[in-house]
Amino acid sequence: MRLLLDTHIFYWSLYNRSRLPKGTLETILGAEAVFVSAVSIWETAIKVRLGKMKGDPARLADYIPESGFKELPVWSRHAKLVATLPMHHTDPFDRLLIAQAMSEPLHLLTVDVLLKPYSDLVVCV
């Protein structure tokens, strides 16, 4: 399975592994490939600046290759797909992650059950 980690899963894998739901680490370790979107770095940078998260976005970006993960850039095909998605979820970061998962395709590993109606590619843990 090829995975795309949502922002929380990626963040917790670096800063707080005890927050990862049971079996999540095993799913990540067993994956054929694991991707982290540039969207997650962007989301973290904004939320850190607003005081909603703690951490270092630069450290998160460095952690992608250090962990053996692959960085997924945001392409125009991802951005244009967002416009066609139903409004099951209004968070712009999550909507872009869904669009990336659907267009690549990748299984999006998330704790957010509101994303499940978008696609069978959404794996809730």
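The values are calculated or read from the model by the stated rules, or taken from the named source; none is laboratory data. Because the structure is predicted, anything quoted here is derived from the model rather than measured. Positions of Cβ are backbone-derived with ideal geometry, glycine not excepted, and every protein chain shown enters the neighbour counts. All accessible areas refer to the heavy atoms of the entire protein, side chains included, with ligands and DNA or RNA removed. Shrake-Rupley method; radii C 1.70, N 1.55, O 1.52, S 1.80 Å.
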Could you give the nm distance between label points at Ser67 and Arg19, where each point is 7 Å from its Cα heading toward the beta carbon? 1.2
Please compute the alpha carbon radius of gyration of the chain, then divide it by the globular-protein estimate 2.2 N^0.38 Å. Two decimals is fine. 0.98
Residue-wise, which Karplus ³J(HN,Hα) couplings in Hz belong to the range 77-93, taking 6.51 cos²θ - 1.76 cosθ + 1.60, θ = phi - 60°, and x for glycine or proline? 5, 6, 4, 6, 5, 4, 5, 9, 6, x, 8, 5, 9, 9, 5, x, 5
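So what's the range 2-50 giving for Cα Rg divided by 2.2 N^0.38 Å, two decimals?
Details: Rg = 11.4 Å, N = 49, 2.2 N^0.38 = 9.7 Å.
Rg over 2.2 N^0.38 Å, computed on Cα atoms: 1.18.
Roll a 1.4 angstrom probe over the protein heavy atoms and tell me the percent of accessible area of the range 63-125 that is carbon or sulfur. Working shown, then result.
Details: 2000 of 3270 Å².
It is 61 percent, rounded to a whole number.
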Simple spin-label estimate for Ser76 and Leu29 in nanometres, 7 Å along Cα-Cβ: 4.3
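Determine the per residue accessible area of the range 71-125 with all protein chains present and a 1.4 angstrom probe, expressed in square angstrom. Kindly include the intermediate steps, with their values, before the conclusion.
Working: 2800 Å² over 55 residues.
Each residue of the range 71-125 exposes 51 Å² on average to a 1.4 Å probe.
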